[in-house]
1. Suppose we filter the stretch B:27-43 for residues that are more than 17 Å from B:Glu157 (Cβ to Cβ) and either surrounded by 21 or more Cβ atoms within 10 Å (Cβ to Cβ) or modelled with pLDDT of 95 or more (or both); how many remain?
2. Restricting to the stretch A:189-214, and then to whatever is within 30 Å of A:Arg139 (Cα to Cα) and in contact with a Gly (Cβ under 9 Å, 6 or more places away or on another chain), can you tell me which residue is surrounded by the fewest Cβ atoms within 10 Å (Cβ to Cβ)?
3. For the stretch B:112-135, which residues satisfy the criterion of being more than 8 Å from chain A (Cβ to nearest Cβ) and modelled with pLDDT under 90?
4. Within the stretch A:405-422, track down each residue that is at pLDDT below 80 and either surrounded by fewer than 22 Cβ atoms within 10 Å (Cβ to Cβ) or assigned to a helix (DSSP H, G or I) (or both).
5. Can you tell me how many residues within the stretch A:391-404 are in a helix (DSSP H, G or I) and either surrounded by fewer than 21 Cβ atoms within 10 Å (Cβ to Cβ) or polar (S, T, N, Q) (or both)?
6. Could you please let me know if A:Val87 is out of contact with any Gly (no Cβ under 7 Å at 6 or more places or on another chain), within 9 Å of another protein chain (Cβ to nearest Cβ) and either of a type outside the set (Val, Ile, Thr) or over 13 Å from A:Ala310 (Cβ atoms) (or both)?
7. Please identify the pairs in which a residue from the stretch A:275-300 that is under 13 Å from A:Leu214 (Cα atoms) and modelled with pLDDT of 95 or more has its Cβ atom under 8 Å from the Cβ atom of a residue that is basic (Lys, Arg) and in a loop (DSSP other than H, G, I, E, B), counting only partners at least 6 apart or on another chain.
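The values are calculated or read from the model by the stated rules, or taken from the named source; none is laboratory data. A quick note: this is a predicted structure, and the numbers were derived from the prediction, not measured. Here the Cβ positions follow ideal geometry from the backbone for every residue, glycine too, while neighbour counts run over all protein chains shown.
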Amino acid sequence: MSHRARQLRVSSLARVEGEGALHVVVRDGEVERADLQIYEPPRFFEALLRGRAYTEPPDITARICGICPVAYQTSAIAAIENACGVVVGGPIADLRRLLYCGEWISSHALHIYLLHAPDFLGYPDAVALATDHRDIVERGLALKKAGNAILELVGGRAIHPINVRVGGFYAAPSQAQLDKLAAQLRPALDAAVATVRWVAGFDFPDLELDHELLAVHDPARYAIERGTTLRRSAGPAFAVDAFSNHVVEEHVAHSTALRARLDGGRYLTGPLARYTLNRQHLSPLALELAAGAGLGIECRNPFRSIVVRAVETVYAVEEALRLIESYQQPEPSSVGVQARDGVGHGVSEAPRGLLYHRYEIGADGLIRSATIVPPTSQNQAAIEDDLRRVVAANLDLGDGPLTGLCERTVRNYDPCISCSTHFLDLTMERL
Amino acid sequence: MKTAVPTAVVIGVGNEYRRDDGIGPALVAALADHWLPGVRLVVSDGEPARLMDDWAAVPLAVVVDAVVCEPSAPGEIHRTDVSLREPADPVVETHAHSAGSHSLGIPDALRLAAALDRLPGRLVVFAVETADVGFGTELTTPVAAALPRLVEAVLGELLANTTERGKPTAATAAGRDVR
């Protein structure tokens, strides 16, 4: 350990999982480029997974993201079980949905209260908000904690859950444990309802974006942890295994992330897409709150994504309580999944958007290839398009205020900039 | 190792898939072999709400994290006894509001915890300078070489904490390993 005098420039303390930057080029008063630079872990994980056992992706891919590990685990498991020709239903499937609800509640509460709300209330950050409105931030943290409680009980722990496996769970919670959890979730439902009413009162800029929307669809319910098709706003739905026929990833020079296009065009996944495409499957309470908050039959205003997240949080808490009430402890807690030569596809709705996994598995049970398409790389073109519009409309601002505006724009999309970035470093070239 | 009323919590912040950023989790793994009654060991991604839950009202919180410095002396360990009245220490300087979901860090967690009365009794941060935080699962040689010194230093903190509290709990265990 050293205490010798030395001038340090601490460029980042920890959280170095990824980096992000925005590079804007303005030529003759016109925005020529607005490149969101992303350095993305999934590419590394795809390589890491090759040659590993087909049972390993749930544990390994959970490490891609600290905020949405369940999404990575769930899409991975769906793809592997698909490759092995196994369909898991019944109580195990219900338990998976319950676990995923925990992640939605936790992630949405974090984004709404600690990241997004300060933008609307004129606070520089959540700390300033907490100083003036401690009770509100406490409510958000209590809501987040309720989500974490689900993750801890069903997943074994809140970050990188360890109880999840191909075929089900290592152990299933008892009814008594879930009853205790339900007692914690009931006040969380009140907090979630209050959250919708709170964010509904924010001022939202008038903005409607025309990106195509894409979301997992389940004909029976609001798609979270699985679905039967992928529904889009400007075209017919397509099967999950046709994902790569429609979504093509392309390299862009400014990013190690691949940028996805849907049949050649930019598109958006996430809360706005889910609400617009699957709204009819929300619960009566969630729909009532959505209507009361001013949401119509679709939502294309990225600033209002905070309202959709709040509505989805209500739905997730309700859904968690419903699943607990109807819980039948699965026995055994997992089904056998035998490896076979094949290819499998899996999708789920991470809090910030659609997450696709594809695995090619050999008869020896080893992974031949892995493809992971995270929501942020799918949304990147839409985010950049939005950024170009924002920069073009605010060229008279100095770099500082413009950076703030760009950050706010990016925050609308709750990006896991590759799980993730911390600082949006804006480089502005005015030519 | 979760105890009902911990006397101390050691929080290893980091990502073991980003080479030297894994020093925090590596420290926690190394301490798992030690008998540390009353001490809670936590691996964390540094998300503020979780940090607050982990350290709130605990007499001593020891946070171990990787730090990227320019210029860098990989493996060098910096200990900071963070003033909880004025947590804007240079080592944990506050960053501007940012865009990502993981954008809040330890400094923000400290400020938020102060606003919400969720601070620990004391906070000691060990920051280990990194050589490589690119993708990979192995610590670099200089950072791996620093791990034994880091373990010793953290055990020393736990020992001192127990001595101050006058209870022969963690001191017994930590003392055995340090001396």
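1. So the answer is 2.
2. A:Arg197
3. Listed by number, the residues that qualify are B:Asp132, B:Gly134.
4. Residues satisfying the conditions are A:Ile417, A:Ser418, A:Cys419.
5. The number of residues fulfilling the criteria is 8.
6. It is false that A:Val87 is out of contact with any Gly (no Cβ under 7 Å at 6 or more places or on another chain), within 9 Å of another protein chain (Cβ to nearest Cβ) and either of a type outside the set (Val, Ile, Thr) or over 13 Å from A:Ala310 (Cβ atoms) (or both).
7. These pairs meet every condition: A:Thr276/A:Arg300.
Conditions (1) touching an Asp or Glu at 6+ places or on another chain (Cβ under 8 Å); (2) aromatic (Phe, Trp, Tyr); (3) part of a loop (DSSP other than H, G, I, E, B), marked per residue:
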position	(1), (2), (3)
A:Asp210	no, no, yes
A:Leu213	no, no, no
A:Arg231	no, no, no
A:Asp241	no, no, no
A:Arg259	yes, no, no
A:Leu277	no, no, no
A:Ala286	yes, no, no
A:Leu289	no, no, no
